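The values are calculated or read from the model by the stated rules, or taken from the named source; none is laboratory data. This is a predicted model, so every value here is computed, not measured. Here the Cβ positions follow ideal geometry from the backbone for every residue, glycine too, while neighbour counts run over all protein chains shown. Heavy atoms of the whole protein, side chains included, go into the accessibility calculation; ligands, DNA and RNA do not. Shrake-Rupley method; radii C 1.70, N 1.55, O 1.52, S 1.80 Å.
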Amino acid sequence: MSVTMNTPTSGNRLLWISLMVFGMVGLSLNAFARKDGMAHGYVEVKEVERVQVTVVQSAGAGAASADAELKWVAPTDPKIASGEYTRVAGVAPRAWTVESLVPAKEAAMMMTARDAGDLTVERVEPSAINTFGIWIAAFLTLGIFSFLYRDNPWYKVAESVLIGVSAAYWMINAFWSTLVPNLFGALAPTLVRAVASPDLPVSSSPNSDFWLAVVPLILGFMLLWRLAPKGGWISIWPIAFIIGTTAGLKLVSGIEADLMAQAVATMQPLVVLNPADSATATASSFSFSAISFWGSIGSVVSVVGVLSVLTYFFFSLEHKGAVGKTARVGVWFLMITFGSAFGLTVMGRITLLAQRFEFLFTDWLNIG
Amino acid sequence: MLKRTIPILILATSGAILVVAYFSPFTTNWSEVVLMWFNILAAVAYVLGAGNLLAVNLEKVSSRRAGWAYALITLVAFASMLTFGLFKIGGVPSEAHPDVPYAGDYESTQSAFGWVYEYMLSPLTATMFALLAFYVASAAFRAFRAKNLESILLLGTAFIILLAQTAAGMFLTGWIPADSVFAFLRFDSLRIAITEYIQTAGMRAITIGIAIGIAATSLRLILGVDRSYLSKQ
C-alpha cells in the first residue's frame, strides 16, 4: 500500500505538474496583475539621536568635590536645558534609525493618518528586506507542508535550514545571556564592560569572582572534551556536576512545588457554598439552599479522582478487592484526562495550522 | 578513583549543597555559586551540541555520503546564524551606550540574527508543529477504537473537547437554555466540567506521582545508590 502511495504514477505526476503550473500562473497573476500585489513588508521607522553629557552629582550640600558621570541622552532631554546635564565638548552626536515590523493593514492605516497630517503617528515605510523575508518564510512554510505529499528535496532543504539555524540560535542565546555576563564578565570584567556589557555590575570582590569563574571554565573544557577522539571519560566530572545540581534542585522544588502544592490544592472543602452565602455561613444558619450543588459535586469528584488515580499508581498492594476497584476508577479518570489532553493538544495544533494559513493568505498572498 | 569516586563525590556535594541551602539561610550563597556554575555549564552544553552537529555534518560532506548537500545546507545555515549573532551584524546600538560596539540587542528586528529568526526559524518551527495536527489526527483515526469502557471514555472525552471548541458544538447543543436543568449537557458546560474537575484531578495525581518519583531518583543519585550515569564511561 505504502509503495503504491510513494511511487508516483504517470497520471499522478501529471496531476502534480498541472497543480504546479496552475499555482505558478496564479501566483504570477496575483503578484503582478493585481493592483495591491502581494507580500508587502512594512516597518515603523524611529529616528534616534544621542549626545554625550556630564552628570554632576554633588556629594552633599555644600560639598567641595563632585563626581562626574558620563551618559548618553536625547538632545531634547529637559535636564540639558535645566543645566543638570552638560554636553561634552568634542564628542559628536550619534544618530541611527530603529525599525520595527508593522502588519500591512496597520501600516496602511498609519500611512493614511500621517498623509492626512497626523504627525503623532510614527513614520511607516515599505521595507524591501522584510518583503523578501515574507517570500522566504512562505517558501520554507510550503516546503515543510510539502512533506504531506511525501518526503522530497524541498522539505529536506527546509528541514536542514531549521536544524542549522536553531542550533546556532540557542548557542547564541546561551552566549549572550549566560556566558558573557556570568563567565567572561567575571574573568575579564573591564574588557566585557568596554565591548559588550557596559552595565555589568561592579563586583566588590573581583579576585574571588575570577577564581569562582575559573571552576566552570575548566569544567566547560572538560565537557567539550567529549568531542575529542580519546579521553571521553574526562567529561564525566562536569556531567556528574550537572546531574547532582539537577537532582538537588528537583528534590527540593519537586517536593515543594509539585507534591506539597498539589496535595494542598486537593484538600479543599467537599461542601461548596454559593458565593453569596459563603461569608455568612454558620452552623446555626445551615440551609441546603446555601450549598452549590454542582460546585460540591465537582469538589467531591476532584478528591475521588486524585485518590483513585494515586491508588492505581500504588504498586505495593495487589490491585484486588477494594484496592482493585478504586484503581479501576482511577483508570477511568486517567482515560478522561488523556482524552481531554488529546483534544486540547489537537486544538492547539490546529490553531497553529490556522495561523500558518493566515500567514500564507494574508501576509504573503495578500488575499485575506 | 578519577573515573568513579571523584564523579560520585562531585554529584553528592553539588546536590547536597542545594538541599542544605534550602533549609539553612547561611548557605544560600553556596547554592548561588553552584547555580551559576550550572548555568554556565548548561550554556557550554549548547556549544557541545553545536560541535557535535558540526562534526557529524562535516564528516557527511567530506565523505560525500548520501544527502551530503543537505548537510552542507545545515552547515551554511549554522555558520551564518552563528556569525550574525556573535557579531550582532546589522543590529542597532544601545540607546544608553551607543559608543560600546556590541552593547545593542542581538535579537533586534533590524539585525540579521533577528531577521533570520523572524522569517526562517519562527515560521519553520511553527509549521513543523502545525504539521503534527495532520499526523495526530491521522494516528488517532487509525488507533482509536471503542473496544471497551476505557477506550470509550478516552474517545468520548476527546470528541466532546474537540466539538466544544468549534462552531459545531455550539450548533448541536447551543439550543439548550444556559439556565435550565439540562444546561450541563451543553458541550461548553461539559468541556468546563471535564477540564476543571476530572482532568485537573487526573493531572494532579500524575504530578504528585512524578514528584515522588523525581524525589526518590534524586535521593538515590545524591546518596550514590544510583550510579548508572557512570556505566558508559
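Data overview
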quantity	calculated
The range A:146-191: number of residues that are touching a residue at least 24 places away in the same chain (Cβ under 8 Å) and at the interface with chain B (Cβ under 7 Å from one of its Cβ atoms)	2
Among (1) open to solvent by less than 40 Å² (accessible area, probe 1.4 Å); (2) more than 7 Å from chain A (Cβ to nearest Cβ); (3) in contact with a Ser or Thr (Cβ under 9 Å, 6 or more places away or on another chain), the one test that B:Ala77 misses	(2)
Total residues in the range B:65-103, condition of a type outside the set (A, V, I, L, M) and assigned to a loop (DSSP other than H, G, I, E, B)	14
Filtered residue count, the range A:212-223, keeping only those that are under 29 Å from the mean Cα position of the chain (by Cα) and open to solvent by 50 Å² or more (accessible area, probe 1.4 Å)	1
Lone unmet requirement of (1) within 30 Å of B:Tyr119 (Cβ to Cβ); (2) more than 8 Å from chain B (Cβ to nearest Cβ); (3) open to solvent by 20 Å² or more (accessible area, probe 1.4 Å) for A:Leu360	(3)
Hey, B:Arg186 of a type in the set (Lys, Arg), crowded, with 18+ Cβ neighbours inside 10 Å and within 7 Å of chain A (Cβ to nearest Cβ) or not	no
Test: residue in the range B:22-40 that is open to solvent by 50 Å² or more (accessible area, probe 1.4 Å) and touching a residue at least 24 places away in the same chain (Cβ under 8 Å)	no
Subset of the range A:311-340 [more than 7 Å from every other protein chain (Cβ to nearest Cβ) and in a helix (DSSP H, G or I)]	A:Thr311, A:Tyr312, A:Gly321, A:Ala322, A:Val323, A:Gly324, A:Lys325, A:Thr326, A:Ala327, A:Arg328, A:Val329, A:Gly330
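Residue-wise test of (1) of a type in the set (Lys, Arg); (2) within 17 Å of B:Leu2 (Cβ to Cβ); (3) open to solvent by 30 Å² or more (accessible area, probe 1.4 Å); (4) more than 7 Å from chain B (Cβ to nearest Cβ).
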position: A:Arg193; (1), (2), (3), (4): yes, no, yes, yes
position: A:Ser203; (1), (2), (3), (4): no, no, yes, yes
position: A:Gly231; (1), (2), (3), (4): no, yes, no, yes
position: A:Trp237; (1), (2), (3), (4): no, yes, yes, no
position: A:Lys250; (1), (2), (3), (4): yes, no, yes, no
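Table: residues versus (1) in contact with an Asp or Glu (Cβ under 7 Å, 6 or more places away or on another chain); (2) assigned by TED's automatic domain parsing to the domain that holds B:Val76; (3) under 24 Å from A:Arg193 (Cα atoms); (4) surrounded by fewer than 18 Cβ atoms within 10 Å (Cβ to Cβ).
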| position | (1), (2), (3), (4) |
| --- | --- |
| B:Pro101 | no, no, yes, yes |
| B:Ser122 | no, no, no, yes |
| B:Val136 | no, no, no, yes |
| B:Glu150 | no, no, no, yes |
| B:Leu153 | no, no, no, no |
| B:Thr157 | no, no, no, no |
| B:Leu162 | no, no, no, no |
